[in-house]
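K.L.:
Just dropping this structure here.
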Amino acid sequence: MRSFFLVIVLFFVLTSCEDQVKFNNPAFQGLKDNVLWRSTLFSAVQAPDGSLEIKAYQNRDILYLNTVSTAVKTYKLGIDDINSAKLEEIQGDIATFFSTGENKGDGQIIITEFDAVNHTISGEFKFNAEGIPILPLSEPNVSFTKGIFYKVPVTIATK
């Protein structure tokens, strides 16, 4: 009787434990002004000079992350125009641009892995970018936190 009871308990334990895990491999997402911003399409291009541009799309928004190379390290934003983050928001026929650059905005892009064999790149990002307000009610700045990009495919440009 005792073994029958153990078998039934074990059955319920094993069948009631169900994880519904969603894997996003590859992935690109972050918190835009504390709201989840998950890209539906993304790509990366390594230029002949070694610089990198990652482009991510969500609805009509386009986010650009630019670094001087694909080396695994931290790239500070707001120091120059080479390492930068830019966001283009399109609402109707109106586009609003936000960017970091020389003495403009701040943040960082951290490349944690560059897989030269499989041509993928992974890392993290966070930044505060200044906007060019076009509409009177436009937000002057945008903030991205807890950003990640994981195994984003990299195309190597030849020219």
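K.L.:
Confirm whether Thr145 is surrounded by fewer than 13 Cβ atoms within 10 Å (Cβ to Cβ), β-branched (Val, Ile, Thr) and under 19 Å from Ser39 (Cβ atoms).
P.N.:
For Thr145, the condition - surrounded by fewer than 13 Cβ atoms within 10 Å (Cβ to Cβ), β-branched (Val, Ile, Thr) and under 19 Å from Ser39 (Cβ atoms) - is not met.
Conditions tested, residue by residue: (1) surrounded by 18 or more Cβ atoms within 10 Å (Cβ to Cβ); (2) at pLDDT 95 or above; (3) farther than 17 Å from Phe28 by Cβ.
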residue: Ile90; (1), (2), (3): no, no, yes
residue: Ile110; (1), (2), (3): no, yes, no
residue: Phe125; (1), (2), (3): yes, yes, no
residue: Pro136; (1), (2), (3): no, no, yes
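K.L.:
What tally of residues in region 64-86 results from selecting those that are small (Gly, Ala, Ser) and more than 13 Å from Gln46 (Cα to Cα)?
P.N.:
3
K.L.:
Out of everything in region 40-52 that is outside any loop (DSSP other than H, G, I, E, B) and touching a residue at least 60 places away in the same chain (Cβ under 8 Å), what residue ends up being farthest from Thr158 (Cα to Cα)?
P.N.:
Phe42
K.L.:
Does Gly131 fit the bill of being assigned to a strand (DSSP E or B) and either among the basic types (Lys, Arg) or modelled with pLDDT under 95 (or both)?
P.N.:
Judged against the criteria, Gly131 is a match.
K.L.:
If the requirement is being farther than 17 Å from Gly30 by Cβ, part of a strand (DSSP E or B) and either among the aliphatic types (A, V, I, L, M) or at pLDDT 95 or above (or both), which of these qualifies: Lys55, Lys76, Lys86?
P.N.:
Result of the check over Lys55, Lys76, Lys86: Lys76.
K.L.:
Does any residue in region 140-159 that is among the β-branched types (Val, Ile, Thr) come within less than 8 Å, Cβ to Cβ, of a residue that is part of a loop (DSSP other than H, G, I, E, B) and surrounded by 12 or more Cβ atoms within 10 Å (Cβ to Cβ) six or more places away or on a different chain, and which pairs are these?
P.N.:
So the pair list comes out as Val152/Pro26; Val154/Thr70; Val154/His119; Thr155/His119; Ile156/His119.
The values are calculated or read from the model by the stated rules, or taken from the named source; none is laboratory data. Since we're looking at a predicted model, the values are computed, not measured. Using ideal geometry, Cβ is built from the backbone for each residue, glycine included, and neighbour counts are taken over all protein chains shown.
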